[in-house]
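The values are calculated or read from the model by the stated rules, or taken from the named source; none is laboratory data. Note that this is a predicted model, so its numbers are computed, not measured. Every residue, glycine as well, gets a Cβ built from its backbone with ideal geometry; the counts of neighbours run over all protein chains shown.
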Number of protein chains: 4
Amino acid sequence: MDQKLSKVILLLSCPDRRGLVSHIAHFIFEQGGNILDLDEHVDTESGMFFIRVSWSMNGFWVSASELEDAFRPLAKDFQANWKIHFASKRPRVAVFVSKYEHCLQEILWRHKTGEFAVDIPLVISNHQDLEALVVQHSIPFHVYPITPENKMEQEQEELALLRENNIDTVVLARYMQVLSQQFVDAYPSRIINIHHSFLPAFTGGNPYRQAFHRGVKIIGATSHYVTEELDQGPIIEQDIIRISHRDTLKDLIRKGRDLERLVLIRAISSHIEHRVLVNGRKTIVFG
Amino acid sequence: MDQKLSKVILLLSCPDRRGLVSHIAHFIFEQGGNILDLDEHVDTESGMFFIRVSWSMNGFWVSASELEDAFRPLAKDFQANWKIHFASKRPRVAVFVSKYEHCLQEILWRHKTGEFAVDIPLVISNHQDLEALVVQHSIPFHVYPITPENKMEQEQEELALLRENNIDTVVLARYMQVLSQQFVDAYPSRIINIHHSFLPAFTGGNPYRQAFHRGVKIIGATSHYVTEELDQGPIIEQDIIRISHRDTLKDLIRKGRDLERLVLIRAISSHIEHRVLVNGRKTIVFG
Amino acid sequence: MDQKLSKVILLLSCPDRRGLVSHIAHFIFEQGGNILDLDEHVDTESGMFFIRVSWSMNGFWVSASELEDAFRPLAKDFQANWKIHFASKRPRVAVFVSKYEHCLQEILWRHKTGEFAVDIPLVISNHQDLEALVVQHSIPFHVYPITPENKMEQEQEELALLRENNIDTVVLARYMQVLSQQFVDAYPSRIINIHHSFLPAFTGGNPYRQAFHRGVKIIGATSHYVTEELDQGPIIEQDIIRISHRDTLKDLIRKGRDLERLVLIRAISSHIEHRVLVNGRKTIVFG
Amino acid sequence: MDQKLSKVILLLSCPDRRGLVSHIAHFIFEQGGNILDLDEHVDTESGMFFIRVSWSMNGFWVSASELEDAFRPLAKDFQANWKIHFASKRPRVAVFVSKYEHCLQEILWRHKTGEFAVDIPLVISNHQDLEALVVQHSIPFHVYPITPENKMEQEQEELALLRENNIDTVVLARYMQVLSQQFVDAYPSRIINIHHSFLPAFTGGNPYRQAFHRGVKIIGATSHYVTEELDQGPIIEQDIIRISHRDTLKDLIRKGRDLERLVLIRAISSHIEHRVLVNGRKTIVFG
């Protein structure tokens, strides 16, 4: 890879101890970097330390592999999970959809206007319906119909396609199939789903119908990383809107669409800007 | 009672049919009333009609019983559940508490400033802790310690006390005991509880702890009428606040207190202004 | 016109007096209508009464002109401003734009998905930029470049075009020209603008820049009817989002776009569903 | 003072340059501190760097003056404005009020419950009205009636009283007098006011009346540091609530009270936890 870098982002977690920020900041200083943003958090329950730090390398030229090699001893000493991202390298995102277009439309639009600095090399669906919309944006559209019988096989093909396209992140934009564990394991903390309720309320199917019958005064949407347990993954972003007795089930679905779009978009933004760290069942999202 | 009235409020529900608003409005016109506010709602699922209408009787003097007698034939024809309230008659509210003071404090304050136009003839608690606060407001404070053994008996005494004091509405201001069915049945749709979560998420005990461990990005509070099924009664009001990974469990509890206060206050306001109608498991809250 | 109607909406304002609701409800009952929704409001300062009532005519066939003729005597007696709308008649909306696409895109999308039950016979712009987007939706796109010299003339042509197309409502979707009084007078309370601030803060140009330099913690958007006084028309809808010191001016503009879209969409919805009544400098928006 | 410290907070601003975080973190490490929280921000417009860092000194005993002496050379090199706070030292707050009690009540309550870790050695008012409430909390209450003639003199006495009591921070809890420049200059960025509107909308007197007549759909409250220019100081916190045509001026005032309380409380919290830095006309509030 060895590209020349202007902006670098380090995400790191490790057991907390004295001097972590000092050592990391000193490393960056020695490399000739100027810190742009630094956020850290200590989870006092687990005793874990989490940091996101971004810096500019202006003037100082260093390759990606050199930077990683230079940092490795420190990371080893910290017993850290870590990753260095280069802002100049655009994340490669695959979007999965079924029949609802609102989330996909919003993603494609942000992509088109440049608000999302990602590449979207492909869209995958289990239905044909949204092909025209995708093709109109000059993005390849792949259909993999799913039945209980062919599911494992189809997923294998999908995974092969993702690998071929060097996909970093999978976005489920109202994709109406549950992914198998094999699929989830291939993209740990890298599959983002939007669930159309304020989780953990109304897990499973038809959350708007559940909300309608429970008579809640507020509906929500939740974007989370997908884990093998349905609707239980670490939550990245949630938001809500007020409803009233005047709202029919149809109104809930309509109002919810606006919410789903925004919540998913915000979760994707946090993810692709490398602002999310996973802490067990929870996330740390730096602002 | 037969007091002279200035402002009257009718709450009514019945099977929907043509002409309901017309007949009711005509009745008010004939009585010499001038409609101040009219809200109605048709639940198309159940085919039920709900209305709240308030009017002034300025100039026209009529007694409460005369008004009810006059309306009875119409209500019978509609097969309606209905109640006529007189704004000049202050609701009589009993507050139940345990050890947390924030909700009680807020209620007493609104009462003192006149924002709540209610009488609070007594506060009941299963603990002694909040006596000083209550007595300071010149309100009698009654302690009924509850054990599994004495619960039914103590509740009977509490109910007797409520009856003696002509209590209309019971407010559970973080009262940490589950009421028995006998108690709930004595005040149908007239016991207001505050639950410190966004129901139906995190029912039962320790909702903030549950929320903290689930890693939600938003916490809520819910005020609802108490039914025999715990945390399942019709929701009157809900609201939320955003939290982040920075918030400890203690922060959630602290931030939640502000939310509980406001949500409970809003629910009580809606109830005492006769703006809530129950529709099965749901409520209609007119604005 | 004389079409057969299923759902009818009456918007009416007049000096308040006893019996207004009763007379209106009785009129509807006599016409064979069944009231679906009724909202009313009395402005105690001005002594004015405002009502929106919708009813279904199922089974009873009556023409639009017959209905209006039947209501006229009552309205005259009330000294009312009034209008009867027929839900089956789709409002005809002209959208004005300049170079920003986000509001236009959102409108076209809601139109395409059927969420907006309106006809959009044309889009007018003072620039060529958004032609492709409009044409893609099979809507004619008209360009009228505006200079101080040709403004009155160009507006005359625009007005002629609007008349030809029987336009009811004009939506300024970030149209960057101030309309002359002659134009505004042609569509009183029927031109909807979106201003990218929480009015009355930051009137005039560059509101995000103003907000950025003032250091506010919240930015807003305001949708209002256009009057001859810039940014002073009756407000239909407002909303806000929180910002922080981290947000650059560019961030404000980006975040504001999402807000502008939603606020404008909600204002248009209220207007085309005939839920807005103007009360001097203010609006009544029934929920 | 030379007390032994457990938690230390540094607030610092200086021209941005490479290595600032590294040097500060290294200093803390050398002192034996363990960083608990670090937030920094670079204002790219002004080229200024802002940091808040808190650390624990567990095990390592150092006096306040030793710590300041040790840091001074670094700060001088950075050309920094800086202050080291010790969490164990409670800020000393004077509250100024007139006749409205809601903000004062909220402050006294948070103080009583321990949520505000401050000392409140005195309350000052230009009226007698709130004496009972203050005395009930065992806090001295001082009355300084203000007329145009005696204003300068009375303020001198107030300032003397503040000095005697070692007051750090002045909170204007709906104090209805404009402070003179001499007073403001004595507590730069240390006088916190609550203005009952969403500034910069509705500056000056009667903001609710202004809002009511403008017909806004949202009202706000703003807490800011007081500067010599009325309602123009750096904003610390703002929030809003929705209103509708149903709300009378009286409703706005009532709803606004809840907002004022919360916004002022949040601003005070940020200030006393040393999370606010002033950047010209703006603030940086670390989360």
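A few comments on the model shown:
- Scope the range C:157-181; condition over 23 Å from C:Gly204 (Cβ atoms) and part of a strand (DSSP E or B); matching residues: C:Thr169
- Residue count for the range D:182-207 under the criterion of being of a type in the set (Ser, Thr, Tyr) and buried (at least 20 other Cβ atoms within 10 Å of the Cβ): the result is 1.
- Enumeration of residues in the range B:259-287 that are within 10 Å of chain A (Cβ to nearest Cβ), in a helix (DSSP H, G or I) and under 14 Å from B:His85 (Cα atoms): none
- A:Gln154, sole failed condition from (1) assigned to a helix (DSSP H, G or I); (2) touching a strand residue (DSSP E or B) at 6+ places or on another chain (Cβ under 7 Å): (2)
- Here A:Gly215, A:Gly220 are screened, and the one residue that is buried (at least 24 other Cβ atoms within 10 Å of the Cβ) and under 15 Å from B:Phe198 (Cβ atoms) is A:Gly220.
- Selection from the range D:241-258 of residues that are farther than 18 Å from D:Gly204 by Cα, touching a residue at least 12 places away in the same chain (Cβ under 8 Å) and either not assigned by TED's automatic domain parsing to the domain that holds D:Phe183 or not in a loop (DSSP other than H, G, I, E, B) (or both): D:Ile241, D:Arg242, D:Lys255, D:Asp258
- Filter result (polar (S, T, N, Q) and in contact with a strand residue (DSSP E or B) (Cβ under 8 Å, 6 or more places away or on another chain)) within the range B:233-287: B:Gln238, B:Ser244, B:Ser270, B:Asn279, B:Thr283
- Residue check for C:Leu172: more than 14 Å from every other protein chain (Cβ to nearest Cβ) and in contact (Cβ under 8 Å) with a residue 60 or more places away in the chain: yes
- Within the range B:1-28, the set of residues being at positive phi and facing chain C (nearest Cβ under 9 Å) comprises just one member, B:Gly19.
- Matching residues, the range A:71-92, being in contact (Cβ under 8 Å) with a residue 60 or more places away in the chain and assigned to a helix (DSSP H, G or I): A:Phe71, A:Ala75, A:Phe78
- Hits in the range A:125-150 - residues which are within 20 Å of A:Arg163 (Cβ to Cβ) and in contact with a helix residue (DSSP H, G or I) (Cβ under 6 Å, 6 or more places away or on another chain): A:Phe141, A:Tyr144, A:Ile146
- The range A:237-256 - residue that is farther than 17 Å from B:Ser46 by Cα and facing chain B (nearest Cβ under 8 Å) and, of those, surrounded by the fewest Cβ atoms within 10 Å (Cβ to Cβ): A:Asp239
- Screening B:Gly47, B:Gly32 for residues that are surrounded by fewer than 17 Cβ atoms within 10 Å (Cβ to Cβ) and under 26 Å from the mean Cα position of the chain (by Cα) leaves exactly one candidate, B:Gly47.
- Meets criteria (within 28 Å of B:Ile28 (Cβ to Cβ), more than 14 Å from every other protein chain (Cβ to nearest Cβ) and modelled with pLDDT of 95 or more) for B:Ala94: no
- When residues of the range B:191-223 are limited to those that are within 9 Å of chain A (Cβ to nearest Cβ) and in a strand (DSSP E or B), the one nearest to B:Val263 (Cα to Cα): B:Thr222
- When each of B:Lys76, B:Lys83 is tested for being within 30 Å of B:Arg17 (Cβ to Cβ), surrounded by fewer than 18 Cβ atoms within 10 Å (Cβ to Cβ) and in contact with a Leu (Cβ under 7 Å, 6 or more places away or on another chain), the lone residue that passes is B:Lys83.
- Within the range B:29-70, tally of residues that are touching a helix residue (DSSP H, G or I) at 6+ places or on another chain (Cβ under 9 Å) and at the interface with chain C (Cβ under 7 Å from one of its Cβ atoms): 5
- Being under 20 Å from A:Arg52 (Cα atoms), among the hydroxyl-bearing types (Ser, Thr, Tyr) and touching a strand residue (DSSP E or B) at 6+ places or on another chain (Cβ under 7 Å) holds for only one residue in D:Ser54, D:Ser13, and it is D:Ser54.
- Qualifying residues in the range C:93-125 (those that are in a loop (DSSP other than H, G, I, E, B) and of a type in the set (D, E, K, R)) - the one nearest to C:Ile146 (Cα to Cα): C:Lys99
- Checking each residue of the range B:148-165 against the condition of being within 21 Å of B:Tyr100 (Cβ to Cβ), more than 14 Å from chain A (Cβ to nearest Cβ), out of contact with any His (no Cβ under 9 Å at 6 or more places or on another chain) and of a type in the set (A, V, I, L, M) gives no match.
- Residues that are assigned to a helix (DSSP H, G or I), surrounded by fewer than 17 Cβ atoms within 10 Å (Cβ to Cβ) and either at pLDDT 95 or above or of a type in the set (A, V, I, L, M) (or both) within the range B:126-150 comprise B:Glu131, B:Ala132, B:Leu133, B:Val135, listed in sequence order.
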